[in-house]
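Below: the structure, in structure tokens.
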Amino acid sequence: MSYCNQCKINYHSNQKKCVLCQQKLMNSSLKEKEYFPFFRKKVSIKPFIKYFNYINLMSILISILIDLQDLSLSFSLIVSISNLYAIALASFIFRREFWTFKLSKIILISLLTLLLITLILQQTNLVLDFVLPITLLANLLLFFIIFITRKDKPIDMSLHLLAFSIFTLLPKLLQQLSLIKVTLPTDIAFYSSLSLIIYLLLFYRRLVFEALRRQFHI
Amino acid sequence: MKKKKYWFKIDNAGKVFPAISNDNRTNTFRLSMTLVNEINKDVLEQAVQMILPRFEAFAVKIQNGIFWQYFSENHRAYRVEKEGSILNKYVHPRNNKGYLFKVYYYDNRITLETFHALSDGFGSLSFLISIVYQYLILLGNKMDSEGMILGIKPIQPKENEDSFLVNYDKNMIKKMTEENAFHFKGELFDYGFSHLFSLKLSLVELKKVAKEKYNSTITEFFASTLCYCIMRQNADFYKQKKPLKLFIPINLRPFFDSITLRNFSLYLKTVFNPEDHLLDFNAIIKSVKNQFKDQVDKNVLKSRISGYVSLEKAWWLRFLPAFIKNLAFKIGYDILGTKINTASFSNLGYVKLPKDMQKHIKDVNFVIGGFGIGIGSIGYQNNINLNFTSRIKDVSLFKSVSDFFTSEGITVNAISNYREAYDELL
């Protein structure tokens with residue numbers, strides 16, 4: 001134990017000088033126990049991620065500005081999507097988060113990518129008739145597989161699946177508004193999502209209501 | 001009975017913390033137990049995994065609802081970690097397998113750091129005692145719990161209740177306004193480092209001074225000492241023309257017959273105006289006692305509880321989407337939250353452990369975090385630990401308090417986590 005003559009304090013931790021008056025302690029040469037680990041600077045990855053994100057965002061902005069000089073959006077959308085993907089991938093790798101959360105992001109970005117690429121090709125009919133219902137259907141299938149295989153988060157997943165099933169009804173609404181001409185993909189998406197909603201309400205009603213109760217508690 | 005699926009609304013006191021917390025404003029507090037022997041990491045991890053399902057209030061993760069965030073069950077295997085040098089680190093809700101507390105080991109110490117949205121000192125202490133008890137059992141020790149270990153008792157639904165809501169009375173709502181308080185100023189340590197200066201004081205000596213000389217409780221004596229020292233050593237205090245407000249959390253469970261493990265405390269405040277800076281210690285302790293007496297009254301406390309809960313129950317707030325609420329909490333706290341108190345002092349009281357456990361536990365400690373200065377105290381066996389944590393590079397308050405104790409004839413033993421090399425590093 002070391003002692004500060006001036007402050008009249010017995011130090012139990014490994015100090016050479018008094019923390020309060022900076023005087024040299026008596027008996028401080030004796031090796032005391034380390035009560036706390038020594039602070040060491042850690043190289044943080046956060047500034048690199050920030051810098052990486054900044055470069056990508058600038059790339060989006062510049063490419064869109066160049067593109068807009070012709071009053072049209074073409075290559076900049078592809079560049080932007082690539083940049084967004086790069087940002088998303090970097091955050092998935094370096095940020096420790098739940099993988100379902102990551103997956104939802106990937107699905108959303110994939111969907112937007114597909115829609116934008118087809119829009120770049122100026123194929124509006126192709127987007128609405130095929131790309132939108134098929135991507136929604138594919139993602140619905142993916143969610144369903146996760147729901148069936150992942151038993152550890154059934155309450156959260158049931159609500160995600162229900163919400164996505166309802167969202168997959170969207171092409172049918174567009175069809176009713178005569179915006180969609182080719183009906184087969186839309187019909188498949190519609191009946192798949194409808195049957196999934198019924199399936200959830202029949203067999204997982206308790207989970208869905210529990211999830212809704214948690215989500216909407218006011 | 002243990003449940004697989006459960007969820008809780010975040011209690012009234014905890015609602016604001018997930019929105020406002022970050023690496024700089026961590027809102028965590030730390031309880032630790034120093035054992036006789038070095039900690040075995042694997043056994044500790046096993047002990048936590050065995051005890052955690054019993055403490056449903058802790059076995060949760062935070063989820064985003066449409067209107068409010070909430071806690072839902074978390075059954076993932078808990079992993080303990082070796083303690084780092086930064087105290088009361090922010091427990092990020094998405095890391096740590098979703099759990100909002102950390103269990104650390106270092107040498108012969110087991111530490112529990114809890115995010116305040118989850119529980120207060122009482123709940124966390126029960127949890128830590130149960131973990132350490134289980135740890136000692138797993139090491140092959142024969143122990144008699146003497147009915148003091150919550151972790152081996154059956155779960156009671158009242159342990160998980162929001163006692164703020166239970167004790168809400170719409171006819172007793174007290175409107176609360178707070179004026180700004182005096183603040184410590186100074187350069188902060190980098191990297192979120194907090195300087196811990198822990199004073200180990202003899203219970204016998206303290207009682208002699210607090211009870212016999214000043215006829216006060218230990219909490220009143222400490223609160224008075226802190227107010228006296230802050231006013232005397234800080235020239236900024238009477239220049240700033242703002243009152244000194246020391247916030248002291250009080251455990252509400254004994255007043256309202258609650259056994260909840262979630263937050264159930266309110267702060268008392270001791271207020272001194274700048275013109276009081278020349279008061280002598282006897283006048284200060286008299287004033288503190290009177291202020292305590294006025295505030296520690298069941299009806300006063302109930303009306304304050306009702307005041308807080310009434311905010312939560314306002315229809316316009318309930319129907320706001322969660323992300324807007326969180327944004328409002330963040331902005332509101334930035335504008336008001338940090339300005340209304342000078343420092344917080346929390347006394348967790350005297351820790352009683354079963355006799356069989358006592359021989360394995362050398363010390364118990366309680367450290368609160370804070371953006372400025374936080375003071376926590378806890379008693380165990382023949383000592384009381386008074387722990388100061390500061391993010392500010394200034395030790396004048398620590399010196400002033402230790403000088404005061406010395407002048408009162410109390411022996412001061414200290415532990416600090418500061419090293420000479422930190423002058424350059426931090």
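Derived value for chain B: Kirkwood hydrodynamic radius 22.4 Å. Basis is the mean of 1/r over every pair of different alpha-carbon atoms.
Note on B:104-115: average number of Cβ atoms from other chains within 10 Å of each residue's Cβ is 1.
With N the number of residues in chain A, Rg(Cα) / (2.2 N^0.38 Å) evaluates to 1.71.
Shown here are the Rg and Dmax of the Cα trace of the range B:288-386, at 19.3, 55 Å. Taking chymotrypsin sites (Phe, Trp or Tyr not before Pro) across the range B:364-422, none is in a DSSP loop with at most 15 further Cβ atoms lying within 10 angstrom of its Cβ. With N the number of residues in the range A:1-40, Rg(Cα) / (2.2 N^0.38 Å) evaluates to 1.11.
The relative contact order of chain B comes to 24 percent, based on Cα pairs under 8 Å that sit 6 or more residues apart.
Placing a pseudo-label 7 Å from each Cα along the Cα-to-Cβ vector at B:ASP423 and A:LEU177 gives an inter-label distance of 7.1 nm.
Beyond 31 Å, the tail of the calculated P(r) for the protein assembly as shown holds 60 percent of the Cα pairs.
Based on DSSP H runs of at least 4 residues, each adding -39500 (n - 2.57), what is the mean residue ellipticity at 222 nm of chain B after dividing by all its residues, to the nearest 500 deg cm²/dmol?
-9000 deg cm²/dmol
If R₀ is 22 angstrom, what is the calculated FRET efficiency for the pair B:LYS355 and B:LEU138, using the beta carbon separation as r and rounding to 0.05? Working shown, then result.
Values: r = 19 Å, r/R0 = 0.88.
Between B:LYS355 and B:LEU138 the formula returns 0.70.
Span-like helix criteria (full DSSP H runs; alpha carbon extent of at least 18 Å along the helix axis; mean Kyte-Doolittle hydropathy of at least 0.5) are satisfied in chain B by B:121-138, B:218-233, B:322-335.
Counting only residues at least eight positions apart within a chain, or on another chain, the aspartates and glutamates with an alpha carbon under 14 Å from that of B:LYS286 are B:GLU220, B:ASP276, B:ASP294. Separation of the alpha carbons by more than 30 angstrom is noted, of A:LYS42/B:LYS185; B:LYS269/B:LYS325; B:LYS15/B:LYS175; B:LYS89/B:LYS302; B:LYS102/B:LYS293, for B:LYS89/B:LYS302; B:LYS102/B:LYS293. Computed from label points 7 Å out along Cα-Cβ, the spacing between B:LYS41 and B:ASN290 is 5.7 nm.
Take peptide A:5-12, look around each residue's Cβ out to 10 angstrom, count Cβ atoms belonging to other protein chains, and average those counts. Across the residues of A:5-12, the mean count of other-chain Cβ atoms within 10 Å is 6. Label positions at B:ASN24 and B:MET176, each projected 7 Å from the Cα along the C-beta direction, are separated by 2.5 nm.
The trypsin sites (Lys or Arg not before Pro) found in the range B:88-170 that occupy coil by DSSP, while having at most 12 further C-beta atoms within 10 Å, are B:LYS142. Here is the list for the range A:145-193: trypsin sites (Lys or Arg not before Pro) lying in DSSP coil, each with at most 13 other C-beta atoms within 10 angstrom of its C-beta, are A:ARG150, A:LYS151, A:LYS181.
Residue by residue along A:36-48, Cβ atoms of other protein chains within 10 Å of the local Cβ number 4 on average.
Judged by the ratio a/c of the largest to the smallest principal axis of the C-alpha gyration tensor, the range B:7-166 counts as oblate, that ratio being 1.5 or greater while a/b is no larger than b/c. About its Cα centre, the range B:7-166 has a charge dipole of approximately 380 debye under the convention of +1 per Lys or Arg Cβ and -1 per Asp or Glu Cβ, with nothing else charged. FRET efficiency for the B:ALA283 to B:LEU336 pair, using the beta carbon distance and R₀ = 35 Å, is estimated at 0.70.
The numbers here are math on the coordinates, done by the rules we state, and not lab data. On a predicted model such as this, the values are computed, not experimentally measured, just so you know. Note: ideal-geometry Cβ built from the backbone for every residue, glycine included; neighbour counts use all protein chains shown.
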